[in-house]
Amino acid sequence: MADRAVLDARPRTLLGKRVKRLRREGRIPATVYGHDVEPQSIDVDARSFRRVHSQAGDNQLVDLVLDGQRPRPVLIHTTQVDPRRHTAMHVEFYQANLREKLTARIPIHFVGESPAVRHGLMVLHILDGVDVECLPTDLPPHIEVDVSGLEEVGSAIHVRDLQLDRELCSVKIDPDETVVLIAAPQVVREEEEAAEEAPAAAAEAPQGEEASSEETSGES
């Protein structure tokens, strides 16, 4: 197993609106919590966090070293991002128990090229990730799905087809759920048109009901 990324942290005393000062100093306010773990306010260096996050993502363990103490195995559970600057505003770390299974969202990476594309067909990526339960040390960084074998309309790969060590991990989703599907452009257009028409039909229904109620009230 590859060495885990290491992220240094320090206890945080600045809370509430005062965390703006931390951000100006290039640090990110954060919280670490977990099962049988007392939540604690901390902060981390913004540049170090970006490096570690790009390496570990949201589903790989990171060794969080708080104030020089023994490393804690954590997952980057939640990251609040500034929508304008696209920078992390606050981070929640989940301290994992290495002996207890947990559930995490594992991204799907599509590889290969389907021959169907050369015939004018469309490759529809239905799922971009699945929830997987296993020990923290067994969490895969991603699940690879090869679409090069999909050639005809209706060809598909389902959750049951995903290449995953089932002895270590279990997928928490219907095995018949479609991951990727080959469809004809005409079918896709019809589905899109139906989706566009649905809101319009829904918007008309209340107006009709309102008119009926007004007519009824007028009669009384």
| query | Looking at this structure, is residue 153 at pLDDT 95 or above and either in a loop (DSSP other than H, G, I, E, B) or surrounded by 15 or more Cβ atoms within 10 Å (Cβ to Cβ) (or both)? | reply | no
| field | Out of 84, 118, sole residue that is under 21 Å from the mean Cα position of the chain (by Cα) and not in a strand (DSSP E or B) | value | 84
| note | Note on residue 37: of the conditions (1) under 22 Å from the mean Cα position of the chain (by Cα); (2) among the aliphatic types (A, V, I, L, M); (3) over 16 Å from residue 89 (Cα atoms), unmet is (1)
| request: Quickly run through the stretch 106-122 and pick out the residues that are at pLDDT 95 or above and either among the hydrophobic types (A, V, I, L, M, F, W, C) or more than 21 Å from residue 146 (Cβ to Cβ) (or both). | output: 106, 108, 110, 111
| field | Of all residues making up the stretch 1-29, the number that are under 17 Å from residue 67 (Cβ atoms) and touching a helix residue (DSSP H, G or I) at 6+ places or on another chain (Cβ under 8 Å) | value | 8
| Residue identified as closer than 27 Å to residue 180 by Cβ and of a type in the set (Ser, Thr, Tyr) among 137, 78, 103 | 103
| Residue check: is residue 179 part of a strand (DSSP E or B), modelled with pLDDT of 95 or more and in contact with a helix residue (DSSP H, G or I) (Cβ under 7 Å, 6 or more places away or on another chain)? | yes
| field | Top-ranked residue of the stretch 96-145 - restricted to ones that are touching a Gly at 6+ places or on another chain (Cβ under 9 Å) and of a type in the set (Gly, Ala, Ser), ranked as nearest to residue 172 (Cα to Cα) | value | 96
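What residue, of 61, 127, is at pLDDT 95 or above, touching a helix residue (DSSP H, G or I) at 6+ places or on another chain (Cβ under 9 Å) and in the same structural domain as residue 164 (by TED's automatic domain parsing)?
127
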| Scope the stretch 20-41; condition free of Cβ contacts under 8 Å to residues at least 24 places away in the same chain and of a type outside the set (Lys, Arg); matching residues | 22, 25, 26, 38, 39
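Here's the yes/no breakdown for (1) surrounded by 15 or more Cβ atoms within 10 Å (Cβ to Cβ); (2) without any contact (Cβ under 8 Å) to a residue 60 or more places away in the chain; (3) not β-branched (Val, Ile, Thr):
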site	(1), (2), (3)
64	yes, yes, yes
70	no, yes, yes
77	yes, yes, yes
90	yes, no, yes
100	no, no, yes
113	no, yes, yes
118	no, yes, yes
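The values are calculated or read from the model by the stated rules, or taken from the named source; none is laboratory data. Remember, predicted model here, so these are calculated numbers, not experimental data. With ideal geometry, Cβ positions are generated from the backbone for all residues, glycine too; neighbour counts draw on all protein chains shown.
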